[in-house]
1. For Asp109 and Glu213, compute 0.36 nm times the residue count separating them, minus their Cα-Cα distance, and round to one decimal in nm.
2. Excluding Leu200 itself, what net charge comes from residues whose Cβ is under 15 Å from its Cβ, given Lys and Arg +1 and Asp and Glu -1?
3. Tell me, what ³J(HN,Hα) does each residue in segment 252-260 have, in order and in whole Hz, if you take phi through Karplus 6.51 cos²θ - 1.76 cosθ + 1.60 with θ = phi - 60° and put x for Gly and Pro?
4. Of all the Cα-Cα pairs you can form in the chain, what percent are over 38 Å apart?
5. Take peptides 245-251, 148-154, 266-272 and line them up by average Cβ neighbours within 10 Å, highest first, as a rough protection proxy.
6. As a test of the formula, what do you get for the chain when each DSSP H run with n ≥ 4 contributes -39,500 (n - 2.57) and the sum is divided by the residue count, at 222 nm and rounded to the nearest 500 deg cm²/dmol?
7. Please report the spacing between the Cα centers of segment 158-213 and segment 76-143 in Å, no decimals.
8. Which residue, chosen from Thr133, Gly112, Val256, occupies the Cα position most advanced towards the positive end of the dipole of the chain, where the dipole is computed from +1 (Lys, Arg) and -1 (Asp, Glu) charges on Cβ about the Cα centre?
Amino acid sequence: MAEITAALVKELREKSGVGMMDCKKALQENDGDLNAAIDWLRAKGLSKAAKKADRVAAEGLIAVATRAEGEGETAAVIEFNAETDFVARNDLFQTTAKKIAAVALDQSDVDGVNAAAMDGATVQDAVTNLVATIGENMHVRRMAKLSVSQGVVASYVHNAVSPDLGKIGVLVAMEGAGDKAKLRELGRKIAMHVAATSPLSLDESSLDPAAIEKERQVLTEKAKEEGRPENMIEKIVMGQIAKFQKEVVLTKQPFVMNPDQTIEQLVADAGKELGSPVTLKAFVRMGLGEGVEKPVGPDFAEEVASMTKG
């Protein structure tokens, strides 16, 4: 039998667009014959996946996974995309999304997730096989992970289709030595708040200076358009920037379930109730298809109207 070298596997991968494990198997089945291996992949339907890779995949699911680690926890959230919402309702797609989220618990970025082992192959190979099976472009687009050494990482999934799968996923890291069940309940409430309000940062110090500057420019231009006195514009804008920061910084936002209380106050009060300090360490909010430019198709109503003219 011919030697199946890494270079040969790589060449077949580049020609077919199929995962490394499947390329290696194709070469083994065909005694290292590259052309025969390509035909073998085509016969198996795997090479079809490469042809679908340029299609926009902005539907799919957000999946979360959580793991206890001593007195703390680690949780991960991933975005697993497909072309249509119909596929996102497929049991096989949902099962794969959950497995990928579990894999992400041990990875630091999406490249690591795709290269990680899952079901005897890599995540990327599993996705490639799923593309061939279902017939739509799919990919793991993003991942994020939070950990605490003591406390919980609470999660919330909005528009859930099943536990830990939905359209918006939120993780909230709560550090503290108090009752874990109560900490998780608090974290879940804050996660629901985050899903609803989409804060830009945890606190004022972590707010992106570029976001502040962009808002400053918009407010300055608006003040000029309104004819505000030139010598007053800077002071007016400073006040509006302070208001903007309270609106987009999580700890300063009014809690959606009790607008008379800020998130900062909610956490402080919880610490007093639990008899132990509680710290809101971090949060992640991931919404399906954020930032993906979706193709705009022809307007169906306009098409019908044009067909009925004359």
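Read the figures in this text as sums done on the coordinates, not as results from a lab. Small disclaimer: the values here were computed from a predicted structure and weren't measured. Counting neighbours? That spans all protein chains shown, and the Cβs are built from the backbone with ideal geometry, glycine included.
1. Working: separation 104, 0.36 × 104 = 37.44 nm, distance 2.90 nm.
Contour length minus the Cα-Cα distance gives 34.5 nm.
2. Residues close to Leu200 contribute a combined charge of -1.
3. Taking θ as phi minus 60°, the curve returns 8, 6, x, 5, 4, 7, 7, x, 7 Hz for segment 252-260.
4. Above the 38 Å cut-off, the chain has 34 percent of its Cα pairs.
5. Averaged packing, sorted descending, gives the order 148-154, 245-251, 266-272.
6. Working: 13 runs with 147 residues, N = 310.
Helix-only estimate at 222 nm: -14500 deg cm²/dmol.
7. 23 Å
8. Towards the positive end, the residue furthest out is Val256.
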